[in-house]
Every structure is written in structure tokens, then in C-alpha cells.
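Inspection log for the structure reproduced underneath, given as C-alpha cells.
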Amino acid sequence: IRFFLLWSLVSLHVVGGAILFRRFFPRESPWLGFVIPALIVTLVMNFIEHMIAIPSLRLLMPFTIVGSLWLICGKRTHWRGLRLPTGIFLGCFLFTLFLRAIYPDISAARDGIYDLQFIASFCMGQTLPVESIWVPPLKLIYYYSFGHYGCSILIRLFGLDIGTGFNVGAALISAWIY
């Protein structure tokens, strides 16, 4: 039941973002609506956390759930052009998250433990750039750690443990790629 609840909550937020994107940019490809809002949230949080450390985002979750439900169920929501991309995204995300739930081993991935330490470093509640928990005096200033930072936002918003958040983030990125 936890698996389905987690899939539902993350899907609710992604589909709500896609509908919001579609409302402001109706002529753009609806496929962009599943990725662009997550990138914008990650960029805004990155900007804010360079000044203020935010160790937990769980207080925002009721507001984001209500906002997403309002966008999805609202009278101004036009599903024309969004049904197929939403169905494909939800199916791909369900499939990849199901695979991650069956095989949750992080160390089996090529760089799983190294990626996990990046995500854990961002979850420690420091201002950016954070210190690496693997090599403490080293600051994480690498361009490729942006995805790890996005995963840490997911973990802090939904109150997940780092291992579950890693697997949900990997499933989400995999669903975006499909």
C-alpha cells in the first residue's frame, strides 16, 4: 500500500505541474509539461538554498497536494492533448517504480553508493554548496549533481528515507526518459 501511495503522491505532483505548464503555454508540446515544472522548482530551490538552508519541506506538502488536485480537477483544466502523455507517463512511472520496489538494491547500480552520498549530502540541511559527507572538506560544486539535488528535494518534500528517495528519483528520471 505504501508503494501505491507514494506513486500516487509523486504522480499527482507531476501531473499537476504538467497541467499548470499547459495552462501557461498551451501551444508548447504537452510532453514538456512533465519535465519543465520539476526543473523550475529545482532551480528556484537551488537559488533559495544558496542563501537559506531548508532541511525539511514537509510543511509544504499539504499545499502542493491541494494545489495539484485543484489544477487536475478544476473547471479550467483542458485534458485535450494531455490524456495520452499523462497515460504514458503514469504507466512508465508505475512500471519503473515497480521494478525499483522489486529490486531496491542501490549498490547493484554502477555508481549507486556514490550517487547516494551526493543525495545524502544535499539532505543534511546546509546552505549550498554543501560539504560532501564522503570527503568532508570538499564542497559539492559539480554540474552533474543537479539531479542529485532534485532528488533531495523529492526526499525532503515527501519525508522519505534516502534509499527510498533514491529509488523513486531513479524511477522518475527513467519515466521522463521514456
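The values are calculated or read from the model by the stated rules, or taken from the named source; none is laboratory data. On a predicted model such as this, the values are computed, not experimentally measured, just so you know. Cβ atoms come from the backbone with ideal geometry, glycine included; neighbour counts cover every protein chain shown. Accessible surface areas use protein heavy atoms only, side chains included; no ligands, DNA or RNA. Shrake-Rupley method; radii C 1.70, N 1.55, O 1.52, S 1.80 Å.
The residue that is most open to solvent (accessible area, probe 1.4 Å), counting only those in the stretch 29-38 that are part of a helix (DSSP H, G or I) and without any contact (Cβ under 8 Å) to a residue 60 or more places away in the chain, is Trp31. Within the stretch 109-122, being open to solvent by less than 30 Å² (accessible area, probe 1.4 Å), at pLDDT 85 or above and within 11 Å of Phe166 (Cβ to Cβ) holds for Gln117, Phe118, Ile119, Ala120.
For the stretch 9-28, the tally of residues that are of a type in the set (S, T, N, Q) and either modelled with pLDDT under 95 or not in a helix (DSSP H, G or I) (or both) stands at 0. State whether the residues of the stretch 44-60 include one that is open to solvent by less than 60 Å² (accessible area, probe 1.4 Å), within 17 Å of Ala175 (Cβ to Cβ) and in a helix (DSSP H, G or I). Within the stretch 44-60, not a single residue is open to solvent by less than 60 Å² (accessible area, probe 1.4 Å), within 17 Å of Ala175 (Cβ to Cβ) and in a helix (DSSP H, G or I). Contact map, the stretch 165-178: residues that are within 13 Å of Gly112 (Cα to Cα) paired with residues that are open to solvent by 30 Å² or more (accessible area, probe 1.4 Å) and not polar (S, T, N, Q), Cβ distance under 6 Å, separation 6+ or inter-chain. Pairs shown: Phe166/Leu116; Asn167/Arg100; Asn167/Pro104. Filtered by the rule that a residue be in a helix (DSSP H, G or I), open to solvent by 20 Å² or more (accessible area, probe 1.4 Å) and closer than 15 Å to Met124 by Cβ, the stretch 136-154 gives a lone residue, His148. Restricting to the stretch 136-164, name every residue that is touching a residue at least 40 places away in the same chain (Cβ under 8 Å) and among the β-branched types (Val, Ile, Thr). Across the stretch 136-164, the qualifying residues are Ile153, Ile162, Thr164.
Right, Leu157: within 19 Å of Ile52 (Cβ to Cβ) and part of a loop (DSSP other than H, G, I, E, B) or not? Please lay out each step first, then the result.
Details: within 19 Å of Ile52 (Cβ to Cβ): yes; part of a loop (DSSP other than H, G, I, E, B): no.
Answer is no for this residue.
Listed here are the residues, each with its yes/no results for (1) in contact (Cβ under 8 Å) with a residue 40 or more places away in the chain; (2) under 29 Å from Ser121 (Cα atoms); (3) open to solvent by 80 Å² or more (accessible area, probe 1.4 Å).
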position: Pro62; (1), (2), (3): no, yes, no
position: Ile65; (1), (2), (3): yes, yes, no
position: Arg83; (1), (2), (3): no, no, yes
position: Leu97; (1), (2), (3): yes, yes, no
position: Ala101; (1), (2), (3): yes, yes, no
